[in-house]
2 protein chains.
Amino acid sequence: MNAIHLRIGHNLQRVRKQRQLSLDKVADLTGVSKGMLHQIERGDTQPTVTTVWKIATGLNISFSSLIKEDESAISIVKRKDAPDITEDNGNCLVYLLFPFNPQTQIEMFTIVLKPKGSYVSTPHNEGVQEYITVISGEFKISIRDDTYTLLAGEAIRFTGNVSHKYRNETDENVILQVVMHYPEA
Amino acid sequence: MNAIHLRIGHNLQRVRKQRQLSLDKVADLTGVSKGMLHQIERGDTQPTVTTVWKIATGLNISFSSLIKEDESAISIVKRKDAPDITEDNGNCLVYLLFPFNPQTQIEMFTIVLKPKGSYVSTPHNEGVQEYITVISGEFKISIRDDTYTLLAGEAIRFTGNVSHKYRNETDENVILQVVMHYPEA
DNA sequence: TCTTTTTGTTTAGTATATTATACAATTATA
DNA sequence: TATAATTGTATAATATACTAAACAAAAAGA
């Protein structure tokens, strides 16, 4: 995932080239100086929200279209040695794959539950959706008063606004892939 | 329409209060200093896009939700004496009601065609929609090879990617209300 | 009550966003 | 070709975003 100011730079240059406008012309339309526009396109500055707003207004395009991710963008996450979070005396390891992205409203990580490991999650905000896919091992999850057992390849989805508990009662590691989706508000 | 940095300030403070978070806590979650957050909420600064991005990420909310307009916001446009644009030797006057808003993708203005006045519009970009409502007078519009005559209370909608011409062949003023809608890209 | 902690606010220093101007490189025009 | 106009680039000066720290005001605990 590219930094937001780089995306703005690319998007700006794309529409400018598409409409065959010079920097001077865009400066004229938007009220943002030519030099600034140049720096924004090159990504060597982090513009103010009002500057970006002026650009969007002057070019008659949405703010979102300026900050949107290039659909061809590719992010690769390498295998990490150290977890980002450790719970339950090191028996629950959380490896962040993709941090929360305000664009997609999604966050993704891998959880390793060591033998006898467990994790209790406090309820999330209203409307949060949680998707868990079991990569390997035998996984037990308790939601409210019910407990479910899932094996590798199986998955579960639930709204996260209720407390839930992950458990690994076996002697083998349990590996999970978790996708969180947060609501707009 | 409030300035974007004021909207961000209000929206930020709203979700912070809603979640009962202190400035310190938000600073901790987002990596943006407490002082900066305070200034943003108060609207006495115009934050960088990356700063706003950090806030959105840290609070798990979308960028849009931070820049969105308060639905209860009200904008009133007073009657103006001078037109924003003058065409055809002063026989076509354009009064801007609402400038282009990247949020809604809409722009709105009033056109006064004086007797025998006319206006030729070059084609807009692909996907632009134009809505014209006749407030008073007898209005003639030519799109491509066809000419339409509209009276007060009547309206027309067409895609603006083709050249079109407004005409007033009478001896009375023609007053139009025009809404432009621009596509996302 | 007094102390301690937590809250929002201010301030001074610094990093940097932004502009205006000048420059270089390219394209148009004669 | 020479000249002019138009393009993107660089630079220096200024305005301001941002942080860290100190401060004040309110709430909580004793």
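The values are calculated or read from the model by the stated rules, or taken from the named source; none is laboratory data. Predicted model only: the values in this text are computed from it and were never measured. Glycine also receives a Cβ, built like all others from the backbone with ideal geometry; neighbour counts cover every protein chain displayed. Just so you know, the surface numbers come from the protein's heavy atoms only, side chains and all, with ligands and any DNA or RNA stripped out. Shrake-Rupley method; radii C 1.70, N 1.55, O 1.52, S 1.80 Å.
Here the scattering of the protein assembly as shown is modelled by Debye summation over its C-alpha atoms, one equal scatterer each and no solvent; at q = 0.11, 0.12, 0.15 Å⁻¹ the log10 of I(q)/I(0) is -0.90, -0.99, -1.27. Here's the list of lysines a cross-link from B:Lys140 could span, going by alpha-carbon distance under 20 Å and ignoring same-chain residues fewer than 8 apart: B:Lys114, B:Lys116, B:Lys165. Note on the range A:4-67: the C-alpha convex hull projects to 3.4 nm² when averaged across all orientations. Remark: label point of B:Asn125 defined 7 Å out from Cα along the Cα-Cβ vector; separations to the same position in other copies 3.1 nm, ascending. Per residue, how many Å² of accessible area does chain B show with a 1.4 Å probe? I get 53 Å² per residue for this part.
Measuring gaps between exposed loop sites in chain A (GluC sites (Glu not before Pro); DSSP loop; at most 13 other Cβ atoms within 10 Å), the longest gap, sites not included, is A:1-70. Taking amide H atoms as placed 1.01 Å from N in the peptide plane, the amide H of A:Gly117 lies under 5 Å from those of A:Asn168, each 5 or more residues away in sequence or on another chain.
Per residue, the convex hull spanned by the Cα atoms of chain A amounts to 141 cubic angstrom.
Label points for B:Ser163 are taken 7 Å from Cα along Cα→Cβ. From this copy to the others they lie 7.2 nm apart, shortest first.
Along chain A, the longest continuous region that contains none of the trypsin sites (Lys or Arg not before Pro) in a DSSP loop with at most 15 other C-beta atoms within 10 Å is A:20-77. Which one of B:Thr45, B:Ala27, B:Pro102 is farthest out on the positive end of the charge dipole of chain B, using unit charges on Cβ (Lys, Arg +1; Asp, Glu -1) and the Cα centre as origin? My answer, from the dipole projection, is B:Ala27.
Shape summary of the range B:85-181, radius of gyration then Dmax from alpha carbon positions: 12.7, 39 Å.
Interface burial in the range A:76-109 reaches 30 Å² or more for A:Phe100, A:Pro102, comparing the full protein assembly with the chain by itself; accessible area from heavy atoms with a 1.4 Å probe.
Here is how far apart the A:Asp24 label points are across copies: 5.6 nm, shortest first, using a point 7 Å from Cα toward Cβ.
Pop out the carbon and sulfur fraction of the accessible area of the range A:85-181 as a percent, whole number, probe 1.4 Å.
Numbers: 2390 of 4880 Å².
For the range A:85-181, the apolar C and S fraction of the accessible surface comes to 49 percent.
When only C-alpha pairs under 8 Å and at least 6 residues apart count, what is the relative contact order of the range B:52-185, in percent? Numbers along the way, then the final one.
Details: 278 pairs, mean separation 33.9, N = 134.
Once divided by the residue count of the range B:52-185, the mean separation gives 25 percent.
Taking the helices alone, chain B has a mean residue ellipticity at 222 nm of -7500 deg cm²/dmol, built from -39,500 (n - 2.57) per DSSP H run of at least 4 residues and averaged over all its residues.
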